[in-house]
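The values are calculated or read from the model by the stated rules, or taken from the named source; none is laboratory data. Computed from a prediction, not measured in an experiment: that's the story for all the values here. With ideal geometry, Cβ positions are generated from the backbone for all residues, glycine too; neighbour counts draw on all protein chains shown.
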Amino acid sequence: MKNIIVSLAAGLLSINLAHADICADMRAINTQAQTHFDGWKKDRNDKVYGSNFMLDGAESCTISGNSDGYACVWKFATPADLGRAYQKMVGEIKACAPLEKEAPGIVNDKPEDKSQGNLRRELEVTGFDYADAQALVMIGSMQLTGAKAGLSRNELKFSFIKSFGRN
C-alpha cells in the first residue's frame, strides 16, 4: 500500500512538471507584452502585479512593476526533481519555433555554487535572446540548502522580458 501511495504521488508530481505547450504560452506572452500585459494584470503588491495567466503547474506568476516582464516560479521537493524540470523546460524552449523570424541566440551560464556558513546556493541559468522580437527568455534553477529547518528551496523560474528600446 505504501508503494502505491509513493508511486501515485510521483505520478502526480510528474504531471505538475509537464507544460501544456510552452511554445504556445511564449507566443501568448509575446503578444500580451505588446500591451504591457494590461489584459493579465491583477492587483499590484510591492514591486510586481499578480497575473491572471498562469503557466502549467506554476506556484505563482507575476508581471514586473514597469510592465516589461512576466515571470513564473515552480517549487520542487528535491534537487533531482528540480534538475529534471529545468532540463525539460530548456529542451522544450529550444524546440520552439522562433517568436518572429530568427531563431534565438542561446546563452548558457556555467552553474554557480556559493557557500556562506551553513548556507549553500546552486544556480544555473539558460537564456534565449530573441533579438528580432526584442525579447529575452531566461530559465533559472536555484537550489538553496541550509542547516535551519525550512530554509531549503528548489525553485525553477521562467522569465520573459520585452525590450521596447532595441532595434
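Going through Ile106, Ile93 one at a time, which residue ends up being β-branched (Val, Ile, Thr), without any contact (Cβ under 8 Å) to a residue 60 or more places away in the chain and in contact with a helix residue (DSSP H, G or I) (Cβ under 8 Å, 6 or more places away or on another chain)? Explain how you work it out, then say what you get.
Numbers: Ile93 fails: without any contact (Cβ under 8 Å) to a residue 60 or more places away in the chain.
None of the others qualify; the one that does is Ile106.
Looking at region 102-151 only, could you name the residues that are loosely packed, with under 15 Cβ neighbours inside 10 Å and of a type in the set (S, T, N, Q)?
Result: Asn108, Ser115, Gln116, Asn118.
Scan region 27-46 for residues that are part of a loop (DSSP other than H, G, I, E, B) and at pLDDT below 90 and report the count.
First, the residues of region 27-46 that are part of a loop (DSSP other than H, G, I, E, B): 34-40, 46.
From the residues that got through so far, the ones that are at pLDDT below 90 too are 46.
Qualifying residue count for the region: 1.
Among Ser60, Ser14, Ser64, which is the only one that is buried (at least 16 other Cβ atoms within 10 Å of the Cβ), polar (S, T, N, Q) and either closer than 23 Å to Asn154 by Cα or at pLDDT below 95 (or both)?
Details: Ser60 fails: buried (at least 16 other Cβ atoms within 10 Å of the Cβ); Ser14 fails: buried (at least 16 other Cβ atoms within 10 Å of the Cβ).
Testing whether each residue is buried (at least 16 other Cβ atoms within 10 Å of the Cβ), polar (S, T, N, Q) and either closer than 23 Å to Asn154 by Cα or at pLDDT below 95 (or both) leaves just Ser64.
Could you check region 69-81 and list, in sequence order, the residues that are buried (at least 18 other Cβ atoms within 10 Å of the Cβ) and more than 15 Å from Asp56 (Cα to Cα)?
Listed by number, the residues that qualify are Gly69, Asp81.
Within region 84-140, work out how many residues are within 19 Å of Asp25 (Cβ to Cβ) and either under 12 Å from the mean Cα position of the chain (by Cα) or outside any strand (DSSP E or B) (or both). Talk me through it step by step, then tell me what you get.
Within region 84-140, the first condition is being within 19 Å of Asp25 (Cβ to Cβ), and the residues that meet it are 85-100, 103-104, 106, 126-130, 133-140.
Still in the list and also either under 12 Å from the mean Cα position of the chain (by Cα) or outside any strand (DSSP E or B) (or both): 85-100, 103-104, 126-127, 133-134, 137-140.
Residues in region 84-140 being within 19 Å of Asp25 (Cβ to Cβ) and either under 12 Å from the mean Cα position of the chain (by Cα) or outside any strand (DSSP E or B) (or both): 26 in total.
Go through Ala24, Ala80, Ala20 for me and flag whichever is part of a helix (DSSP H, G or I), farther than 20 Å from Leu144 by Cβ and of a type outside the set (Val, Ile, Thr).
Numbers: Ala80 fails: farther than 20 Å from Leu144 by Cβ; Ala20 fails: part of a helix (DSSP H, G or I).
After ruling out the rest, the residue left standing is Ala24.
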